[in-house]
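Okay, structure first, notes after.
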Amino acid sequence: DLFAGSGILGLEAYSRGAKKVIYVEKNPNAVSLLKENLAQFDIDYELIVSDAILALDRFENITFDLIFIDPPYASKLIESSLAKIKSNNLLNPDGIIVVEHNPKYNTTEIALNLGYEVLREKKYGDTAITILSN
């Protein structure tokens, strides 16, 4: 769960069968909230307090079934995140990436240019969700 914020996406994944959730967040306020939220549940997790792009280099010989990317909307971190995930081979062959973003940001074009397959894109008002695979 990159840019984990409150941790709700990772908690939902765990409730649906994820064996472990790795949270990456660098904002001190968000980290405090995330720790409070995680203390309420008995789950297997790891919290990495770091810049998300730098944290992606820590996962040598690890691949993921599901990766959430939900960066601040005003940032350009989606392309950097997707590029690093691809170059480090972090997504399992059958895995998916769920990107939450501003609908004005062309995640589909970026993903296609990086070699991802776009499985679905849905817009909900000021939010868009794009689901990708290798």
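The values are calculated or read from the model by the stated rules, or taken from the named source; none is laboratory data. These numbers were taken from a predicted model, which means no experiment stands behind them. Cβ coordinates were reconstructed from backbone atoms using ideal geometry, including for glycine residues, and neighbour counts include every protein chain displayed.
Some observations on this one:
Residue-wise test of (1) closer than 22 Å to G7 by Cα; (2) touching a His at 6+ places or on another chain (Cβ under 7 Å).
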residue	(1), (2)
A39	yes, no
D51	yes, no
E60	no, no
I78	yes, yes
L82	yes, no
G95	yes, no
Y105	no, no
I110	no, no
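- Residue match in the range 29-40 (condition: under 16 Å from the mean Cα position of the chain (by Cα), crowded, with 17+ Cβ neighbours inside 10 Å and without any contact (Cβ under 8 Å) to a residue 24 or more places away in the chain): yes
- For the range 81-101, residues that are surrounded by 15 or more Cβ atoms within 10 Å (Cβ to Cβ) and either in a loop (DSSP other than H, G, I, E, B) or out of contact with any strand residue (DSSP E or B) (no Cβ under 9 Å at 6 or more places or on another chain) (or both) total 5.
- Considering each residue of the range 68-86 in turn, none proves to be at pLDDT 95 or above, touching a Lys or Arg at 6+ places or on another chain (Cβ under 9 Å) and small (G, A, S).
- Within the range 105-114, the presence of at least one residue that is over 22 Å from V21 (Cβ atoms), touching a Leu at 6+ places or on another chain (Cβ under 8 Å) and part of a loop (DSSP other than H, G, I, E, B) is confirmed.
- Among the residues of the range 1-16, the one identified as touching a Phe, Trp or Tyr at 6+ places or on another chain (Cβ under 6 Å), small (G, A, S) and under 13 Å from F64 (Cβ atoms) is G10.
- Some residue of the range 112-129 being among the hydroxyl-bearing types (S, T, Y), farther than 15 Å from L2 by Cα and within 16 Å of the chain's Cα centre (by Cα): yes
- Candidate set: the range 54-92, residues that are of a type in the set (V, I, T) and free of Cβ contacts under 8 Å to residues at least 60 places away in the same chain; chosen: the one farthest from I22 (Cα to Cα): I78
- Counting residues in the range 7-27 that are at pLDDT 95 or above, surrounded by 13 or more Cβ atoms within 10 Å (Cβ to Cβ), more than 26 Å from K122 (Cβ to Cβ) and out of contact with any Asp or Glu (no Cβ under 7 Å at 6 or more places or on another chain) gives one or more.
- None of I43, I62 is among the β-branched types (V, I, T) and touching a Phe, Trp or Tyr at 6+ places or on another chain (Cβ under 6 Å) except I43.
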